[in-house]
Amino acid sequence: MSAPLCSRTRSAKPIIAAVALLVALVACQEVTVPNYNTPNADQLLSNPDAPTVNATVVGLVAGMRGQVGTMATTLGILGREVMLLSSAEPRNISSFLVGPLEPGGFGIDMGWTTTYHNLRTAVSILTAVDKVSNFSDAQKNAIRGFVKTSMAIEYMNQLRIRDTFGIVLGLTADPSQLQPFVTRDSAWASTAALLDEAQANLQAGGTAFSFALTSGYAGFNTPPTYLKFNRAIKARVDVYRQKWSDAVTDLGNSFLSTASGSAASLNTGVYHVYSTASGDAINPLWDPTPTALVAVPSILSDAQLQADGVTPDKRATAKALKMAVTLTQQSVSSNVKPLLYLSNTSPVAVIRNEELILMRAEANYALGNTTAALQDLNFVRVNSGGLAPLPIPYSGDIVSEILYNRRYSLFFEYGHRWVDMRRYGRLNQLEKLLPTHKIFPLVPILVDECNQRLSNPPKGCTQVSGF
């Protein structure tokens with residue numbers, strides 16, 4: 001197995017003000033990442049050239065992969081998708097299931113360090129690219145579009161975690177400048193605007209990037225095709241902001257497709273990829289035995305049945321399996337293992353067509369277009385779950401159907417369930433495996449950021465006790 005999942009938190013140094021102009025490849029655990037020979041920071045800012053900038057963009061891609069452990073595992077614990085039953089690190093239970101969550105507590109970083117190191121890298125690239133005379137205008141715009149999209153993803157990552165506590169925006173190339181926190185709503189608006197800026201850059205970005213992307217970007221590795229990915233991410237932001245009309249528009253310009261019901265069609269998207277090559281990284285979510293990583297058992301017991309009344313939703317049995325053994329820690333048990341990442345080189349989705357279809361269903365339902373919403377829900381139910389289609393019109397709770405299908409389609413991908421249940425005010429429906437367990441609606445700002453702002457601490461420098 002790879003390094004322990006989310007077993008240690010980084011500490012001690014100020015994060016936003018840290019000198020981190022190039023990629024600092026740190027996740028919620030120690031993760032080995034490719035050696036991309038990222039250039040010297042001074043060269044990037046003082047005398048950049050095309051190879052230097054291109055290498056740093058590739059390094060940014062690697063740095064963004066460092067979020068995988070946090071997004072899938074820690075948010076998966078908070079959202080009752082998975083658990084880490086590790087005797088070596090009992091705080092995965094005592095912190096995330098019992099709490100309280102403290103600004104200086106275990107695991108509170110939750111990708112904050114990685115996010116802002118990556119953002120510093122991104123700002124440095126944007127500063128440097130204007131100084132490179134041997135880039136064409138189209139190449140510069142393509143780089144800007146790619147980097148701004150990457151920045152928006154990083155902001156989105158932390159907004160999903162910190163929610164109403166807000167985050168830091170407005171970074172500059174000077175790492176000594178301490179930037180203020182902004183509110184959640186302001187940060188979401190800025191993130192959406194950044195994606196729209198990136199869209200304009202990509203539209204002026206020609207037909208090819210000047211840098212190479214991994215195989216995880218296959219089909220999305222030119223400015224025109226990457227633009228479809230940009231619009232998919234923008235649609236996710238629209239949904240989080242309840243900008244339903246914008247979501248439908250952006251989904252229409254993404255790679256959403258219902259032309260085929262095959263698994264390949266639903267799995268079309270952008271992925272983080274891994275390998276066993278020297279210097280590269282293996283999938284940090286890989287734990288095939290498992291030694292610690294288990295699914296919450298209700299992923300199987302809550303599954304709807306197919307038309308025969310016996311066979312469970314195909315998504316449940318494809319993504320989780322009952323084991324002959326049961327893992328137990330601190331009176332928490334599971335005999336179900338997740339099946340998504342059975343290889344140390346299994347890819348991890350950033351966003352897939354299946355999510356896009358479900359987002360369109362959600363947006364259309366919110367807009368009162370119930371028939372269109374049900375058509376998309378049924379497409380996913382039938383083609384991904386093997387379930388019977390819902391009748392149209394449908395007299396049941398469509399929001400519950402949306403959340404059910406998102407739970408099973410997006411299980412253990414990006415911490416979706418926790419965010420989704422919060423969006424709909426249904427966190428109280430998440431299960432508590434023991435009476436002492438708590439549900440946490442968001443995560444505090446880590447103590448290092450609080451300590452830098454003692455005269456004006458951000459709202460999130462408080463304990464979150466849960467309920």
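The values are calculated or read from the model by the stated rules, or taken from the named source; none is laboratory data. Worth saying up front: this structure is predicted, and the values here are computed from it rather than measured. We place every Cβ from the backbone using ideal geometry, glycine too, and count neighbours over all the protein chains shown. Please note that ligands, DNA and RNA were not included when accessible areas were found on the heavy atoms of the full protein model with its side chains. Shrake-Rupley method; radii C 1.70, N 1.55, O 1.52, S 1.80 Å.
At-a-glance table
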| item | result |
| --- | --- |
| Conditions (1) more than 30 Å from GLY59 (Cβ to Cβ); (2) outside any loop (DSSP other than H, G, I, E, B); (3) over 19 Å from the mean Cα position of the chain (by Cα); (4) not β-branched (Val, Ile, Thr); number of the one not met by PRO224 | (1) |
| Region 66-93 residues that are surrounded by 24 or more Cβ atoms within 10 Å (Cβ to Cβ), paired with ones that are among the polar types (S, T, N, Q) and in a loop (DSSP other than H, G, I, E, B) (beta carbon under 7 Å, 6 or more apart) | GLY69/GLN29; ASN92/SER86 |
| Qualifying positions in region 418-455 - in contact (Cβ under 8 Å) with a residue 24 or more places away in the chain and over 22 Å from ILE77 (Cα atoms) | ASP448, GLU449, CYS450, ASN451, GLN452, ARG453 |
| Filter result for ARG315 (farther than 24 Å from VAL248 by Cα and either at pLDDT below 95 or in contact with a Gly (Cβ under 7 Å, 6 or more places away or on another chain) (or both)) | yes |
| Criterion violated by LEU358 - all others in (1) out of contact with any Pro (no Cβ under 7 Å at 6 or more places or on another chain); (2) among the hydrophobic types (A, V, I, L, M, F, W, C); (3) farther than 14 Å from PRO290 by Cα; (4) surrounded by fewer than 16 Cβ atoms within 10 Å (Cβ to Cβ) satisfied | (4) |
| Scope region 307-327; condition more than 10 Å from TYR408 (Cα to Cα) and open to solvent by less than 40 Å² (accessible area, probe 1.4 Å); matching residues | ALA320, MET323, LEU327 |
| Of residues in region 174-192 being in a helix (DSSP H, G or I) and of a type in the set (D, E, K, R), the one most open to solvent (accessible area, probe 1.4 Å) | ASP185 |
| Selected residue (criterion: farthest from LEU342 (Cα to Cα)) from residues of region 245-276 that are small (Gly, Ala, Ser) and free of Cβ contacts under 8 Å to residues at least 24 places away in the same chain | GLY252 |
| Matching residues in region 235-276 - criterion: being over 22 Å from THR191 (Cα atoms), hydroxyl-bearing (Ser, Thr, Tyr) and surrounded by fewer than 22 Cβ atoms within 10 Å (Cβ to Cβ) | SER257, THR258, SER260, SER262, SER265, THR268, SER275, THR276 |
| Residue check for GLY279: touching a residue at least 40 places away in the same chain (Cβ under 8 Å), surrounded by fewer than 16 Cβ atoms within 10 Å (Cβ to Cβ) and either of a type in the set (D, E, K, R) or touching a Pro at 6+ places or on another chain (Cβ under 7 Å) (or both) | yes |
| Of all residues in region 197-214 being polar (S, T, N, Q) and open to solvent by 50 Å² or more (accessible area, probe 1.4 Å), the one that is nearest to VAL53 (Cα to Cα) | THR207 |
| Residue within region 283-298 that is modelled with pLDDT of 95 or more, closer than 30 Å to ALA142 by Cα, surrounded by 23 or more Cβ atoms within 10 Å (Cβ to Cβ) and not basic (Lys, Arg) present | yes |
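Residue by residue, here is whether (1) in a helix (DSSP H, G or I); (2) open to solvent by 10 Å² or more (accessible area, probe 1.4 Å) holds:
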| residue | (1), (2) |
| --- | --- |
| GLY104 | no, yes |
| ILE108 | no, no |
| HIS117 | yes, yes |
| SER124 | yes, no |
| LYS131 | no, yes |
| ALA138 | yes, yes |
| ASN141 | yes, yes |
| GLY145 | yes, no |
